[in-house]
1. Once amide H atoms are placed 1.01 Å from N in the peptide plane, what residues at a sequence separation of 5 or more from Gly41, or on another chain, have their amide H within under 5 Å of its amide H?
2. Just one of [x] 20.2; [y] 13.1; [z] 13.6 is Kirkwood radius over Cα pairs in Å calculated from these coordinates, so which is it?
3. Can you work out ³J(HN,Hα) from phi for every residue in region 8-19, in order, using Karplus 6.51 cos²θ - 1.76 cosθ + 1.60 and θ = phi - 60°, giving whole Hz and x for Gly and Pro?
4. How much accessible area per residue does region 1-72 have, counting only protein heavy atoms and a probe of 1.4 Å, in square angstrom?
5. Using the Karplus curve 6.51 cos²θ - 1.76 cosθ + 1.60 with θ = phi - 60°, what ³J(HN,Hα) values do you get for each residue of region 57-70, in whole Hz, with x for Gly and Pro?
6. Of the accessible area of region 1-61, with the probe set at 1.4 angstrom, what percent is carbon plus sulfur?
7. Would you mind telling me which residue in Leu69, Leu30, Leu61 has the biggest mean-square fluctuation in a Gaussian network model of the chain, where springs connect alpha carbons within a distance under 10 angstrom?
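The values are calculated or read from the model by the stated rules, or taken from the named source; none is laboratory data. Just so it is clear, the model here is predicted, and its values are computed rather than measured. To get the accessible areas, we keep the full protein, side chains included, count just its heavy atoms, and leave off ligands, DNA and RNA. Shrake-Rupley method; radii C 1.70, N 1.55, O 1.52, S 1.80 Å.
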Amino acid sequence: TEQTVVLKALLGHFEGKTEKQKNHYKEGTLAWAAWVIARMGGWKGYASESKPGNKTMRIGLMKLESISLGWKLAQRICA
């Protein structure tokens, strides 16, 4: 889907430099997408940190929706 393309484009920005801050889920799966969305919502990605909650996921989803809208608009303008 279009949002999957956006998540793939954003992945490099949200993955950290250390192995612990990499998305280890299979690309395109729900777990993979949830990891990226959680990072967008402010979750740091460390195992010692608690799992992302509802607020974090909501913030990430809102950001994804905004970025996806911008992506759509850019595709129309450039087409």
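1. Gly60
2. [y]
3. 4, 5, 8, 3, x, 6, 9, 6, x, 7, 8, 4
4. Working: 4920 Å² over 72 residues.
Ligands and nucleic acids excluded, the result is 68 Å² per residue.
5. Values, residue by residue: 5, 5, 4, x, 5, 5, 5, 4, 4, 5, 5, 5, 5, x Hz.
6. Solvent-exposed carbon and sulfur of region 1-61 make up 56 percent of the total.
7. Leu30
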